[in-house]
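Novice: Provided herewith is a single structure, encoded as structure tokens, for subsequent inquiry.
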């Protein structure tokens, strides 16, 4: 294990623990006051930026409240993941931006239980669709699932991936 130090807002120290193995497909995980990242991604600045963005959200959102909202609210999870992925994409070298955007859209659609396909996630991450529009769609689907049992059973029957930061990546773009 290797420990790297980062800073939030140029003041608050954040230890980044680089470890050899993480559970499942996890690459990085923010625990609010520190980050755990797979050692083969520790030098991938955009991935580190993604996790540091989650640390900022942890502090801005009130620690325990942020964590509870992340795991209990699909809309909140979508909001904070879009924010983190946008920060990650902004930190990329220009020649890697398009590939990283595509990778982030696939990760967001498959690894966070947000019920959005890759194209919808691509629209969110690129700014073609706003979070408010996405929330409106989510609210409509939830209302339909409550009033129409057939729709609800289809939504419930979909396989659910584990909620995992940067979960759906299979390879890194360096």
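Novice: Calculated FRET efficiency, residue 19 and residue 45, Cβ-Cβ r, R0 25 Å, to nearest 0.05?
Specialist: 0.90
Novice: If you don't mind, there's one more thing I want to ask. Using a simple spin-label model with points 7 Å from Cα along the Cα→Cβ vector, what separation in nm is obtained for residue 99 and residue 34?
Specialist: Distance between label points: 3.3 nm.
Novice: Measuring from the lowest to the highest alpha carbon on each principal axis, how far does the stretch 1-62 reach, largest first, in angstroms?
Specialist: 29, 20, 18
Novice: Okay, moving on. Arrange the following residues from fewest to most other Cβ atoms within 10 Å of their Cβ: 54, 95.
Specialist: Exposure proxy ranking, most exposed first: 95, 54.
Novice: If neighbour count is taken as other Cβ atoms inside 10 Å, put 70, 76 in order from fewest to most.
Specialist: Listed from fewest to most nearby Cβ atoms, that is 76, 70.
Every read-out reported here was derived from the displayed coordinates using simple, explicitly stated rules and does not represent laboratory data. It should be emphasised that the depicted structure is a prediction, and the values quoted were computed from it without experimental measurement. Glycine also receives a Cβ, built like all others from the backbone with ideal geometry; neighbour counts cover every protein chain displayed.
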